[in-house]
Amino acid sequence: MKIRPVVLVGVLALQALPTFSGEIQKKTYEMDEVLVKASRAKVPEYVQDVIEEQEVIRPTSGGSVLDVLNNEAGIQFRRSATGNSGGGRVRLRGFDETRLKILVDGVPVRQDGSYGGGSVPWSTLSTENIERIEIHRGAGPAKFGDTLGGVINIIRKKAAEKPETLFSTTYGTFDTWDTKVSHSGGVGPLKWSLGAGHFATEGYLRNNDMDRNTVSTEVSLDLPAKFKVALGLDYSDMETGMGVYNRPDSPFYDPSSPTADELTLGGPGTRMAKGALTWGDGSYADDQNSRFSASLSKVFEKGSAKLGYQLWNREKTEYFYDAADSSKKIYERNTEIEDNNWSVQGDLSYSLNRHEIGIGGEFRKYGWGDQSVSYIDTSYFSRSINFFSYIKEGFEGAPDNKTYAALYAQDIWRITPAWDLELGLRQEWFQADRIDPAAFGFQWETEEAEVDESNLDPRLALTWRGWKDGSLTGRFGIVHRYPTSPEHFWWYLNKGSGFFNTELGVEAAKQYELAFTQSLNDIFRVNIRAYFYDIDDYIGSTFVPGVGSVIYNIDSVEVRGLEAECSVQLPRNFRLWANLTLQSGDKKGDPWDAENRLSNELPDFPDTMFNAGIAYQGKRLRSDLSLNYVGARDHYSGKEAVELDDYMLVNLSASYRIWEDETRRLEFLLAGENLLDTDFEEKEGYPMPGAIIMGGVRTVF
């Protein structure tokens, strides 16, 4: 509570600082206005929200794209600690990352999440070279498949006409450093965009420090006949401490650190004889993630075409040390989480009279690599390691275990100036091959060894613009979501060992949506969306101590919700905004919850989320004060049903332009998160940090 007057005084002081000449002010104003208009002109009509560059680069405490999404309607975070490299950290409309489409320049980057590695490589997606982020909720056009919650498309900066370099560094609470640099330029037909970042923090939980380095590059060459070839590389190296169990019932309890459960980042904690009390301070994971991309594109008079290829790898090494003696290593293993997984994607768009026609497809081949154990002290492990030999010896990989292919065709037909009709079909094929039982340490096979599916998904949307600056859109789509490698892997393992399990069906979802938009002279804008999902064979999961993840199908799930957004431009460069999400998730035929402990509710599903804020955009000062509210959530704690409390956060972000000439500028940055010092949890057992203050500078030249 003591920090709030300091933050308030700081913001007021920035506003009170004298301005420079009117000529410089005028140039600054024109540059910002041109940037926003250029970005908006490129956005497809189906996109509902756009986070512009000025929002992307606002100072935050985490140094990640994740921090940019916290004010968006329907977004829910489920983070467990600093630098958590596991999956499931972002939800949209209640759907986790495996049910979202995460794109970079239109190319899917969602990984398979094997060995608990997570579905999206957020660590590689830093903000230093991002132009904007586009968000579309729901099934969307036929070009998007395998997504229920929607699409988040990250558009990277393209090379500027003149070379430009951006450098920023901030420092703050928990000894946190966030440094970023980006550069773009070109010589004739050759263009490039380069970015790098370093983020380090001591963390707020015990033994949960993090040190992360990122590199992002793209080089393009303009060819004759409007062809262009581009090459890109995204890389991150992240070293993260694995959280130590820190509660009063532990003989190693440290009262100076917050009480929290353990965080193994994928380690074999449930197989250790003393469980969470076995490993201690100094245990950490080193996670390396890389993605190579190449594309060939061509611009036509009335359209464009693009063919893209990407190859990605991820490798993690885990080190466990004794809780009683941090110098004694008890376990070390290396895992190829993603092993030369690759995909090819092609898209063609063409304008013909009143039709916007699109065709394309993608092919994806993926799986997981080997896991090897470099060192083990078996005295720290339970007898189960004699049955599951992979704890002592590791796994055999299945690098080409899964195949996904799709073709689509769509047409957006502008029937009249008031009516648009969108039609689309998407044909998908999916195959998950059998897994060698020897990889698990047993020699029997299950009755079902493969998943082989083929589905045709239609999309239909009708938009009416029957009045000025407003529209009404109805949308219907069928979507299928296929098992990820972790889901297939754990289902197969538990099926073979005889533990509780069901059949592994493919999710089939019917999605209905009605959307209303209205604006008034760029001063007022409102969006209201109502949606309903009817999902068969919803894939559920839970974690059972001593067993691991358990995967099963829920017979049917219904998700319904309402999203309302509004924005008002106020006098004196102020803008007021707010969004409200009301949602519910009901289930029937849940074999894990046969006793109906959650009253047919989906776990970890808040009924209410609300975000609001006021932003100021002056000639030199930009500031945002926001509020985030997340309602209570029903939750499984083992086999028990509990409720996680609601919480409300107040955040501040500000930048002040200290100095500027025609080609250079210098800014002061300030960020404050959770200013009310609220105690809250996004996931059970892991308290989130209290108040965080970050300050620093940014320069462009």
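The values are calculated or read from the model by the stated rules, or taken from the named source; none is laboratory data. All of these numbers come straight from a predicted model, not from anything done at the bench. Note that each Cβ is placed from the backbone with ideal geometry, even for glycine, and that neighbours are counted across all protein chains shown. To get the accessible areas, we keep the full protein, side chains included, count just its heavy atoms, and leave off ligands, DNA and RNA. Shrake-Rupley method; radii C 1.70, N 1.55, O 1.52, S 1.80 Å.
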| Once you put a point 7 Å from the Cα of HIS198 and another 7 Å from the Cα of GLU450, both along the Cβ direction, what distance in nm separates them? | 5.1 nm
| field | Leading residue at positive end of dipole, the chain (Cβ point charges), from GLY361, GLN345, ILE155 | value | ILE155
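For LEU472 and LYS226, compute 0.36 nm times the residue count separating them, minus their Cα-Cα distance, and round to one decimal in nm.
Working it through step by step, the gained length comes to 84.8 nm.
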| Restricting attention to segment 570-604, which trypsin sites (Lys or Arg not before Pro) occupy a DSSP loop and are surrounded by at most 12 other Cβ atoms within 10 Å? | ARG572
| Separation between the ASP249 and LYS588 pseudo-spin-labels, each 7 Å from Cα along Cα→Cβ, expressed in nm? | 3.9 nm
| task | Please get the size of the charge dipole for segment 325-435, origin at its Cα centre, with Cβ charges of +1 on Lys and Arg and -1 on Asp and Glu, quoted in debye to the nearest 20. | result | 240 debye
| field | In Å², nearest 10: area of PHE532 left accessible to a 1.4 Å probe | value | 60 Å²
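Where does each of TRP429, TRP592 land when they are ordered by accessible area, with a 1.4 Å probe and the largest first?
Most to least solvent-accessible, the answer reads TRP429, TRP592.
Assuming 0.36 nm per residue, please report the length gained on full extension of the stretch ARG465 to ALA632 beyond their Cα-Cα distance.
56.3 nm
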| Once fully extended, how much extra length lies between TYR350 and VAL700, figured as 0.36 nm per residue of separation less the alpha-carbon to alpha-carbon distance? | 122.2 nm
| query | Rounded to a whole number of µm²/s, how large is the Stokes-Einstein D of segment 184-319 at 20 °C and 1.002 mPa s, given Rh as the Kirkwood radius over C-alpha pairs? | reply | 116 µm²/s
| said: Distance between the C-alpha centers of segment 611-636 and segment 187-225? Whole Å please. | reply: 27 Å
| query | In cubic angstrom, how much convex hull volume per residue do the alpha carbon atoms of segment 566-682 span? | reply | 152 Å³
| query | Whose amide H sits under 5 Å from the amide H of ARG206, counting only residues 5 or more places off or on another chain, with H placed in the peptide plane? | reply | VAL244
| said: Counting only protein heavy atoms and a 1.4 Å probe, tell me what percentage of segment 456-498's accessible area is made up of carbon and sulfur. | reply: 65 percent
| the chain - Kirkwood radius from inverse mean 1/r over Cα pairs (Å) | 26.7 Å
| Listed residues MET688, MET242 arranged by accessible area, highest first, probe 1.4 Å | MET688, MET242
| note | Note to self, the chain gives a 222 nm [θ] from helices alone (DSSP H runs n ≥ 4, -39500 (n - 2.57) apiece, / all residues, nearest 500) of -2500 deg cm²/dmol
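Per residue, how big is the convex hull around the C-alpha atoms of segment 353-453? Give it to me in cubic angstrom, could you?
Taking only Cα atoms, segment 353-453 has a hull volume of 167 Å³ per residue.
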| note | accessible surface per residue for segment 88-193, probe 1.4 Å, DNA/RNA/ligands not counted, whole Å² -> 26 Å²
| task | Given the peptides 301-308, 506-513, arrange them by the average over their residues of other C-beta atoms within 10 Å, most packed first. | result | 506-513, 301-308
| message | Counting only other residues whose beta carbon sits under 9 Å from that of ALA654, what net charge do I get with K and R as +1, D and E as -1? | response | +1
| request: Could you state how much accessible area GLU239 has, in square angstrom rounded to the nearest 10, with a 1.4 Å probe and all protein chains kept in place? | output: 90 Å²
| message | As a test of reading the structure, rank TYR235, TYR636, TYR331 by solvent-accessible area (1.4 Å probe, protein chains only), most first. | response | TYR235, TYR636, TYR331
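Could you list, in their original order, any pairs among LYS274/LYS328; LYS226/LYS468; LYS306/LYS510; LYS228/LYS619; LYS191/LYS298; LYS191/LYS402 whose Cα atoms are separated by more than 26 Å? List each step's numbers first, then the result.
Numbers: LYS274/LYS328 16 Å; LYS226/LYS468 38 Å; LYS306/LYS510 30 Å; LYS228/LYS619 38 Å; LYS191/LYS298 16 Å; LYS191/LYS402 36 Å.
Check vs 26 Å cut-off fails for LYS226/LYS468; LYS306/LYS510; LYS228/LYS619; LYS191/LYS402.
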| message | Using the crude model of +1 on Lys and Arg Cβ and -1 on Asp and Glu Cβ, and no other charge, please compute the dipole size for segment 59-194 relative to its Cα centre, in debye to 20. | response | 340 debye
| note | Applying the span-like rule to the chain (DSSP H, Cα extent along axis at least 30 Å, Kyte-Doolittle mean at least 0.0) gives none
| note | Along segment 167-183, Karplus-curve 3J(HN,Hα) (6.51, -1.76, 1.60; θ = phi - 60°) to the nearest Hz, with x for Gly and Pro, reads 9, 9, 8, 9, 9, x, 3, 6, 6, 9, 10, 9, 10, 9, 9, 9, 8
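Relative to the Cα centre, what is the charge dipole magnitude of the chain, using +1 at the beta carbon of each Lys and Arg, -1 at the beta carbon of each Asp and Glu, and rounding to the nearest 20 debye?
That gives a dipole near 2540 debye.
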| query | Averaged per residue, what accessible area in Å² does segment 562-635 show with a 1.4 Å probe, protein chains only? | reply | 43 Å²
| request: Positive end of the charge dipole of the chain (Lys, Arg +1 and Asp, Glu -1 on Cβ, about the Cα centre): tell me which of TRP192, ALA418, SER454 has its Cα farthest that way. | output: ALA418
| remark: Of all trypsin sites (Lys or Arg not before Pro) in segment 128-159, the ones in DSSP coil with at most 10 other Cβ atoms within 10 Å are none
| said: In segment 490-643, if the dipole is taken from +1 on Lys/Arg beta carbons and -1 on Asp/Glu beta carbons about the Cα centre, which of TYR636, ASN527, ILE554 is farthest to the positive end? | reply: ASN527
| query | So for segment 97-165: antiparallel DSSP bridges make up what percent, rounded to the nearest 5? | reply | 65 percent
| field | 19 Å cut-off, amide nitrogen to a point 7 angstrom out along VAL181 Cα→Cβ, residues in segment 649-682 | value | 664-667
